[in-house]
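What follows is a short report on a single structure.
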Amino acid sequence: MKVVAFGASNSKDSINKKLATYAGSLIENADLEVLDLNDFEMPIYSEQREQSEGIPQKAKDFSRKFQDADLVIASFAEHNGNFTAAFKNILDWSSRDQREVFQNTPMLVLSSSPGPNGASSVLEIAKNSLGFFGAEVKAGFSLPNFYEHYSDSGFDFKDPNLLNELKSLVKDI
């Protein structure tokens, strides 16, 4: 099974990239590819820029990553209750090349934050909007208080119910 995972943040130490990678590692015998949004950094989208310069190759490369995927795992950071500017810009550019960026691939959407809300606002936005871009959203999971469950040595869920919920979602997909 080909799994593509990413944290929808351009933070070099993205907790959401760590969560997406961990969720991907729970799938036995998966061929896991982890994307870094920094590899897809582009100028801010505008119609004028698209008309004068065309669609950047990085936008095309991003959507091509999902061509052969059996599952996409995306974990969303929350900036002011919404997608990060980095992810939104990549989505804006990529959807100009191919509207169904995620190419009708099943998707598990996750979110996390250091606080008790677990970025649940952006998780709801992702669940409700990514279908317009070819994601077949199957399930969502929010991990609150990230650093209570993660240290430099890796994940150690303090709440076994959260770990069981995540494992169950991954297994069911």
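We did not get these values from a lab; they are worked out from the coordinates using the rules stated. These figures come from a predicted structure and were not determined experimentally. Using ideal geometry, Cβ is built from the backbone for each residue, glycine included, and neighbour counts are taken over all protein chains shown.
Details
- The chain: most fluctuating residue of 19, 143, 163 per GNM, C-alpha cutoff 10 Å: 163
- Charge tally around residue 121: other residues with Cβ under 12 Å, Lys/Arg +1 each, Asp/Glu -1 each, net -1.
- For residue 145, the amide hydrogen comes within under 5 Å of the amide hydrogens of 113, 115, 117, 118, counting only partners 5 or more places away or on other chains and with H modelled in the peptide plane.
- Helix axis angle, 15-25 relative to the chain longest principal axis, alpha carbon, degrees: 70
- Going from the residue with the fewest nearby Cβ atoms within 10 Å to the one with the most, 42, 107 rank 42, 107.
- Each eigenvalue of the Cα gyration tensor of the range 91-173, multiplied by 5 and square-rooted, gives one semi-axis; in descending order these are 27, 14, 11 Å.
- As a rough footprinting exposure proxy, the listed residues 12, 65 were ranked by other beta carbons within 10 Å of their own, and the order from fewest upward is 12, 65.
- Ratio Rg/Rh [Cα only; Rh per Kirkwood] for the chain: 0.97
- Per-residue ellipticity at 222 nm from helix content only, as computed over the chain with -39500 (n - 2.57) for each DSSP H run of at least four residues, stands at -11000 deg cm²/dmol.
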